[in-house]
2 protein chains.
Amino acid sequence: MSAMISTKLGRFCSMMLLVIGIISLIPKASVAQLNPNESQTLGSWNDCATKRALVAYVQSICDPKSVDFIPIGERIAVFDNDGTLWPENPIPFQLAYAFDVVGKRASNDPEFAKHPMVQAVLKKDTATLLAGDHHEGLLQVVAMTHAGMSVEEFQKSVSDWIAQATHPKYNKPYDRLTYKPMQEVLSYLRSNGFKTYIVSGGGADFMRVWSERVYGIVPEQVIGSSAKTKFEIRDGKPVLIKTLDQLFVDDKAGKPVGIHQAIGRRPIVCFGNSDGDMAMLQYTTIGNPRRAFGAIVHHTDEVREYAYDATPKSSGKLIEALADASKQGWYVIDMKQDWAEVWATEPARK
Amino acid sequence: MSAMISTKLGRFCSMMLLVIGIISLIPKASVAQLNPNESQTLGSWNDCATKRALVAYVQSICDPKSVDFIPIGERIAVFDNDGTLWPENPIPFQLAYAFDVVGKRASNDPEFAKHPMVQAVLKKDTATLLAGDHHEGLLQVVAMTHAGMSVEEFQKSVSDWIAQATHPKYNKPYDRLTYKPMQEVLSYLRSNGFKTYIVSGGGADFMRVWSERVYGIVPEQVIGSSAKTKFEIRDGKPVLIKTLDQLFVDDKAGKPVGIHQAIGRRPIVCFGNSDGDMAMLQYTTIGNPRRAFGAIVHHTDEVREYAYDATPKSSGKLIEALADASKQGWYVIDMKQDWAEVWATEPARK
């Protein structure tokens, strides 16, 4: 009798393990279609329209029976960085880096110190540096600090800086100031078969130094402003030197251009926070043969972060995209109302 | 007794299914470290130095216990296209496309027909078109046929062309003329956790139309020559228009530049076939902190394909890279000796 039970148990176990075996053999593509527990997955979001719409969207495009189904390889999501994944105040973090580098060089190089844009840096004259459609002064300073360096030298410089610099308001390392709700969106989309890309006005080489560690976004999924490097053989070894040639500004209408250049197909999900992201939102959501999703992070929380839109202190002006959001079906994230928590990590180093 | 046997059988089945279950649960990363049966995987290769070296290389960098171990995400392999994955004779296939498009337009547009490069096309004067370090005439013709079109219009034009055009020597559709041994290398590397990229002097937008179907290489892993597109809203819908701005030639020293732009890290495997691939081979293999592998397809088979190196009929000159191969440790593939089969598919459409 006990043998009979054992037999039945054995058969039952066999069946169960067969089921497990079969489930395990299902490729990731199908596993991704299972719905995770979104309330846990997006745990730092309050219940809000954006969260509900995002979950409904992901469920519909991952469901092979849905008319909206989109195959895994075509699930491309793009994210602005400054103001969308981490703050852009009091100044964009790459500008803080450039300020530090320029300051050090100016103290050793009187000729360099005379340049009007270097003077603007030394006087912390952000108005001059951020003037123009694409912050030309800033770009000039950034380019001056980078050009002539090899890619490896530049990477080391950024890596050294980010290891010791701290944000003036939070007194935390910059790379520990990412938004927890957005980190959750990145993870949620990836667990549903999306490739997540950064598409930022910031320098591609600057972001690639830390994007994988900070966001889990590999270098080849970082699209940013860039100039062409120059290939040389130095002492028998190949090097790529940063130049000012073919400078490409990955902002405004440049964002869809950068996306096409790097990816070659339209994204289906886009998150931004400023008018600089409007073209990317349009490119993702208007006339896309695939069902798409667009959202704007609206900075409404002056206590936990910053509150700004039409008149930001540095970058991040948000007027046109906000005015168009309702018409285009872009979700507007009210940071103060919609986010139960803001920060992904507490400071540890300081 | 029979119950006992059933019990034992049940337990045995349970154990087996448990093993299957566990094996199935091992993530792809680990599965990739198992060595497939390379003699089957690379079945159209004869036993040769390149095949043996490639297999030994992949085994060593995939073995977590090896000093040469390279994590999955960093396994980047780059392949030239024309002459490496498919032929470049009698003319590169994209040139055949441009010839057809130019021919049609010239017959309807007398002004267009007067242009010296259009005249060169109409006279099949490849010498003029392929003159210059980067085949400037060819680039001009290609650009003239593309500029002003939207990306979608261009994609349709390429797609329509490739569906009906045939290679003059083989009388097969161009996209059925890929090299079987190279298709096997692509699959073999991918099954071992590599991301495979095309890095070609050909147009990125041209190749992206068919790269996934023909090679299993998704659009975002195609790096090629390109000019910036222009973002516009037409009739309320976003479009990207092809222009001649910031033309980037992804050839010679441009190849490492294009790789850095798109990927942001050094490849560890590189296959090319001409001096145009030499900088990419250098960038991959010289001074790379990771163990790397480089190889050159040498066209030695005038019966099954073409035989050329120093004096090709169209593109594909191979002098310097061949002379340097032994010193740099690049494997030279003797197409005639090393490949048991050349073609990936037999013609079906004609």
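Any read-out appearing in this document is the output of simple, stated calculations on the displayed coordinates, not a laboratory observation. Note that the structure is predicted; figures quoted are calculated from it, not measured. Every residue, glycine as well, gets a Cβ built from its backbone with ideal geometry; the counts of neighbours run over all protein chains shown.
Things to note:
- Each other copy places its own label point for residue B:113 at 6.9 nm from this one, sorted shortest first, where the point lies 7 Å along the Cα-to-beta carbon line.
- Spin-label pair residue A:241-residue B:165: with each label point 7 Å from Cα along the Cα-Cβ axis, the two points sit 3.9 nm from one another.
- The mean sequence separation of alpha-carbon pairs under 8 Å and at least six residues apart, normalised by the residue count of the range A:193-350, gives a relative contact order of 15 percent.
- Rounded to 10°, Cα long-axis angle of helix A:180-191 versus longest principal axis of chain A: 50
- Largest GNM mean-square fluctuation among B:116, B:71, B:238, using chain B with Cα springs under 10 Å: B:238.
- Springs between Cα atoms under 10 Å define the GNM used for chain B, and in it the highest mean-square fluctuation of B:334, B:324, B:63 occurs at B:324.
- The simple Förster model, with R0 at 35 Å and r as the Cβ-Cβ distance, assigns residue B:319 and residue A:232 a FRET efficiency of 0.95.
- Three-way shape label, the range B:140-240, alpha-carbon gyration tensor, a/c 1.5: oblate
- Amide H partners (placed H, <5 Å) of residue A:299, local residues excluded: A:308
- Averaged over peptide B:228-235, the number of partner chain Cβ atoms lying within 10 Å of each residue's Cβ comes to 5.
- Using C-alpha pairs under 8 Å with a sequence gap of at least 6, the mean separation divided by the residue count of the range A:80-153 gives a relative contact order of 24 percent.
- Computed from Cα positions, the angle between helix B:136-146 and the longest principal axis of chain B comes to roughly 90 degrees.
- Mean Cα-pair separation over length for chain A, i.e. relative contact order, pairs under 8 Å, 6 or more apart, %: 21
- With the helix formula -39500 (n - 2.57) applied to DSSP H stretches of n ≥ 4, chain B reaches a computed 222 nm mean residue ellipticity of -12500 deg cm²/dmol.
- Other-chain or far-sequence residues with amide H under 5 Å of residue A:331's (modelled H): A:294, A:295, A:296
- Choice from A:287, A:276, A:103 showing the highest fluctuation, given a GNM over chain A with Cα pairs closer than 10 Å: A:287
- Residue by residue along A:250-261, Cβ atoms of other protein chains within 10 Å of the local Cβ number 5 on average.
- Amide H to amide H, with H built 1.01 Å from N, residue A:197 comes under 5 Å of A:77, A:78, A:79, counting only residues 5 or more places away or on other chains.
- Karplus-derived HN-Hα couplings along the range B:256-265 (A = 6.51, B = -1.76, C = 1.60, θ = phi - 60°), whole Hz, x at Gly and Pro: x, 5, x, 5, 5, 4, 8, 10, x, 8
- Size of the range A:93-164 from its Cα atoms: along the principal axes, largest to smallest, the extents are 30, 28, 23 Å.
- Label-point distances for residue A:63 to the equivalent site in the other copies, using a point 7 angstrom along Cα→C-beta, read 5.0 nm when ranked shortest first.
- Phi angles of the range A:148-163 translate, via the Karplus equation with coefficients 6.51, -1.76, 1.60 and θ = phi - 60°, into HN-Hα couplings of x, 7, 6, 4, 5, 4, 4, 4, 5, 4, 5, 4, 5, 4, 5, 6 Hz per residue; Gly and Pro are given as x.
- The convex hull defined by the C-alpha atoms of the protein assembly as shown has an orientation-averaged projected area of 37.8 nm².
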